[in-house]
Amino acid sequence: MLSKITLILSLLTASLLAQEPRQIEVRTLCFGYSNSVREVTLTGDPAGEDTLDTKLAKHLDNHQDVLTVVGDEVRVGQKDGSGSFQSWSKTAIPKGASEVLFVLFPSGIKEKPYLIKAYNDGARGFPLASFQISNMSESTLRLIVGDEPIELAPGQSKNISKFKKVKKNGQVPYYVYSKDGSEWKRLSTGLWDILPRKRNFQIAWTNPDSKNVEIRGYEDSLPLVKALLKQQAE
């Protein structure tokens, strides 16, 4: 009986701690402008009072803003004429993440132009010389990276930091397929560069205009930049 009470108390304590306001460092990446909306509002406050306005860009840069969050969800939307927050989409903050990348996808819906997805942006969750592959499409993905087969259902992601069949120049062959009915359609093939001072983000999504599955890649060096800035400040 005592152990059950202890368990209940520990769960209640964890729940209360999760509701304490905390700050996370955030960036955004826009997959394409929707309805000419170039600026959005983020909030991690259930009441929608503590917000962050951010301009959207279709490239990754190293600038991070600070967002105060309560709980484990962040919503994207805009404020109306009265200043009230109008939510379009929400996403869960990756467990334990203090640095988060929010990717915004055009939804194809005029009233709610963007969908949002959060990724761990920290050096531990997404280290240099690694690949983060995310399937935000409506189809199952099948990849072969080196000689490692990977299958990702819609909404799944995988971080790869160990590779086989790496060429002497640091490149690894890859193939990406998406499931189309009972068949597998090739999306992309080629060579990925494994760079010790960069990390690589590959995201598949379903384009709401063409209805086709597309995959896009982004190189990033945020952990290195932050380490260099810290050295200069010391």
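The values are calculated or read from the model by the stated rules, or taken from the named source; none is laboratory data. Bear in mind the structure is a predicted one, so any value in this text is a computation, not a measurement. For neighbour counting, all protein chains shown are included, and Cβ atoms are generated from backbone atoms with ideal geometry for every residue, glycine included.
Scanning the range 216-234 for residues that are touching a residue at least 60 places away in the same chain (Cβ under 8 Å) and closer than 20 Å to GLN156 by Cβ gives ARG216, TYR218. Can you go through ASP53, ASP61 and tell me which one is in a strand (DSSP E or B) and over 23 Å from PRO208 (Cα atoms)? Only one candidate qualifies: ASP53.
Scanning the range 57-88 for residues that are without any contact (Cβ under 8 Å) to a residue 24 or more places away in the chain and more than 22 Å from LEU115 (Cβ to Cβ), we see that the one that is nearest to the chain's Cα centre (by Cα) is GLY83.
Counting just the residues of the range 20-51 that are closer than 13 Å to SER84 by Cα, modelled with pLDDT under 90 and not aliphatic (A, V, I, L, M), which one comes out surrounded by the most Cβ atoms within 10 Å (Cβ to Cβ)? If we take residues in the range 20-51 being closer than 13 Å to SER84 by Cα, modelled with pLDDT under 90 and not aliphatic (A, V, I, L, M), then GLY48 is surrounded by the most Cβ atoms within 10 Å (Cβ to Cβ).
Which is loosely packed, with under 15 Cβ neighbours inside 10 Å and in a loop (DSSP other than H, G, I, E, B), of GLY190, GLY155? Step by step, each of GLY190, GLY155 is checked, and only GLY155 is loosely packed, with under 15 Cβ neighbours inside 10 Å and in a loop (DSSP other than H, G, I, E, B).
With respect to the stated conditions, ILE116 is in contact with a strand residue (DSSP E or B) (Cβ under 9 Å, 6 or more places away or on another chain), assigned by TED's automatic domain parsing to the domain that holds ASP53 and under 30 Å from LYS55 (Cα atoms). Restricting attention to the range 90-106, does a residue exist that is of a type in the set (Phe, Trp, Tyr) and not in a strand (DSSP E or B)? No, the range 90-106 has no match at all.
Summed over the range 220-234, residues that are among the acidic types (Asp, Glu) and either in the same structural domain as GLU25 (by TED's automatic domain parsing) or surrounded by 13 or more Cβ atoms within 10 Å (Cβ to Cβ) (or both) total 1.
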